[in-house]
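To keep things clear, I will list the structure first and then write my remarks on it.
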Amino acid sequence: MKKLLLFSFPLLLLWSCGPKPEKSQNQKPNILFIFTDDQRADALGVAGNPNLKTPNIDALARSGTRFTNAYVMGGNHGAICAASRAMLMSGKGLFKVLDKLDGEFTMPMHFAEAGYSTFGTGKWHNEKSAFEKSFQHAENVYLGGMANHYSISLRDMTEGDTLSAPEEKGYSTDLFADAAKNFINTHVQSGNENPFFAYVSFTVPHDPYSPREDFIDRYSPEEITLPENFLPLHPFQFDQLNIRDENLLAWPRDPEKVKMALADYYALITHLDQKVGELIQLLKDQGLYDNTIIVYAADNGLAIGSHGLLGKQNMYEHSTKVPMIFSGPGIPKDTENQSFTYLFDIFPTLAELAGLEQPQDIDGKSLTSTMNNPEQNPRAHIFTAYRHTVRAIRDEEWKLIRYPERDFTQLFHLKEDPFEQNNLAEQPEYSNRIQELKEIMQNEQMVAGDTVAWTAETILPLQYDHTKIERKIDRWQPEYTRQKYFYDIEEK
C-alpha cells in the first residue's frame, strides 16, 4: 500500500514504490470523517444544550441525519478511547477487538482497496504499526491518549511508509485542521481522480481544560448551567473512583469549579466547531461538497459533574452516549433518528453509502436502511461494559446497570427519568422488570463474548471515604490548568 510524505503547505508529494491503487469510479463520494475526544452527546447546540454555541456542527446536523441514541460499547481499561477507536476502525465489538488493531482489517484499508486515497491526522490511540498499514497519506499524527493541547508531539508519514519521530508543535486543534486542509488542497491540485477518505481525529474536548488563549473567556462560568444530575459525590464506591480522569477536580465536587471546567470544555468545543466550519467551507470552495459524505462523531461521552463523576469510566448515559451525524449525498436531511447504534456501525454504513462491498466478519450493522426508514431499528437493545466491574443493558424505556463486585443493581425508567436519578431496583414491584433485563443482558453477553458473571465471587463494600482519596496532577497539564485547577496540590 502506497503512502505519501506531507510537509507544510505548499506540499511536496513523494510516492513510494509499488503499484498505485486502482482508480475508482468518479461518482463514488469522498469521505470526511471528523472524530472528537470525550465529547458528550448533549455537548452540542443542536442537541438542546443552552450553554454552548456550535453553529457549524448544528448546520451539519440539519443538512443530514443525527443519531440520538449512538453509543460506545465500553472499554477494558480506563482509556476508553483506545477500545472505542479499535472498535470504530475494525467494525467489531468490544470483546472481539478490545483495544488492539494490529492484524485487523480496518476501515481505511477497505476504502483503499476500493481505490480511495486515504489520509489520517490527529489522535491515534492504538498501535503505530496499525496506523502505518491503514493510511496512505498522513500529517500531524498524535500517537497517545492525553496531550498538552498547547504543545503536542506530532509525526508525519515518511518516504519509508512509517511515521517519523515526534516533534513538538503548536495548538492541537489548529494543527489537525490545517493538515486536513493541506491534504484536500493537494488532492485537488494534483489532479487525482480517485475519491478520498480523510480521517480527522481531534484531541479536544478531552482535558486538559485549556482552550486556545483567544477562546479562554468565551463562556462565563457564572452563566453555565450544571448538569441536571450533578452531585458532589458519587453515592457509592465502584471500580476506581480515583482513576486519572476523576483527579481533575477535588472531592466533593465544588459546583463553581465544575462550572469553570464546563466553561473551558465548551470553549474547546466552540474552537473545534470553528475548524469544522473551515473544513466544510473548503469542500465547497473546491467544488467537493456535493459529493462528500461527512461524518461527525466522538469516541465516548463524559461525566464532567454528572453523578459526582468527571470521567467516562462508568455506564451512565452521559458517558456512553456519543454524538453521531451523517451528512451528504443519499442521506436524509434535517432528521433526528432514535435507532440504537454503536460507533462500530459507522464502518459498514460508510461502505454501503459509498457503494463498496460490505466488510466481512464484523459486528457493526449498516444504518442506511434505518436512515431512510427510522422504524427499522437495527437492534432492540444496547449492551455496554466497563472492565469486569460494570455492565448495563437498555431498551427504549428501561435501563439496568449491574455492579458484579458490589452485588448491586440500578434500574432507571429512562422514559420518565432520562438523567438516571431515581433508582427503582430496591422496589419489589420492579423485580420482574429486573429479571427480564437481566436475561436480556446475559444473552447479549453471550453473543458479545463477555464472560463476567452477574455476581462476583468476592463482594466489595459500597461505602467509601472520599477524604482518603489521594489527588494527583499529571504531566499533561499546562500552566493554565495547573494554576486554575491544581494550585492546591503538588505534582506527584
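Here are the numbers for the structure shown:
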{"quantity": "Label-point gap, in nm, between GLU256 and LYS415 - each point 7 angstrom along Cα→Cβ", "calculated": "4.3"}
{"quantity": "ASP217 paired with GLU397, simple spin-label distance in nm, labels 7 Å along Cα-to-beta-carbon", "calculated": "5.2"}
{"quantity": "Assigned charges on the beta-carbon of Lys, Arg, Asp, Glu; the chain dipole about Cα centre (debye)", "calculated": "640"}
{"quantity": "Of VAL452, ALA70, GLY145, farthest towards positive along the dipole that unit charges on Lys, Arg, Asp, Glu beta carbons give the chain", "calculated": "GLY145"}
{"quantity": "On Cα atoms only, tilt of 80-90 relative to the major axis of the chain in degrees", "calculated": "50"}
{"quantity": "Peptide ranges 364-374, 299-309 listed from the most packed, as the mean C-beta count within 10 angstrom indicates", "calculated": "299-309, 364-374"}
{"quantity": "Distance in nm between pseudo-label sites at VAL447 and GLU470 (7 Å out along the Cβ direction from Cα)", "calculated": "4.4"}
{"quantity": "Total lysine pairs whose alpha carbons fall under 20 Å of each other in segment 319-451 (8 or more apart, or interchain)", "calculated": "6"}
{"quantity": "Formal net charge of residues neighbouring LYS275 (Cβ-Cβ distance under 10 Å; K, R +1; D, E -1)", "calculated": "-3"}
{"quantity": "The chain: antiparallel DSSP beta bridges as a percent of all, rounded to 5", "calculated": "45"}
{"quantity": "Rounded to 10°, Cα long-axis angle of helix 255-285 versus longest principal axis of the chain", "calculated": "20"}
{"quantity": "Residues of segment 330-349 with amide N under 11 Å of the 7 Å Cα→Cβ point at THR68", "calculated": "335-339"}
{"quantity": "Candidate lysines for bridging to LYS468, where Cα separation is under 17 Å - those fewer than 8 sequence places away on the same chain excluded", "calculated": "LYS492"}
{"quantity": "Ordering of 119-132, 407-420, 41-54 by packing [mean C-beta count within 10 Å, highest first]", "calculated": "119-132, 41-54, 407-420"}
{"quantity": "Shape of segment 331-385, Cα gyration tensor, a/c cut at 1.5", "calculated": "oblate"}
{"quantity": "Where only C-alpha atoms are counted, convex hull volume of segment 203-297 per residue in Å³", "calculated": "144"}
{"quantity": "log₁₀ of I(q)/I(0) at q = 0.09, 0.10, 0.11, 0.13 Å⁻¹ - the chain, Debye sum with one point per alpha carbon", "calculated": "-0.59, -0.74, -0.90, -1.27"}
{"quantity": "Stretchable slack from GLU159 to ILE243, in nm (0.36 nm times residue separation minus alpha-carbon distance)", "calculated": "26.2 nm"}
{"quantity": "Under 11 Å, Cβ to Cβ, from THR203 - net charge with Lys/Arg +1 and Asp/Glu -1", "calculated": "-3"}
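Values quoted throughout were computed directly from the atomic coordinates according to the rules given, and no laboratory measurement underlies them. A quick note: this is a predicted structure, and the numbers were derived from the prediction, not measured. Backbone-built Cβ (ideal geometry, glycine too); neighbour counts: all protein chains shown.
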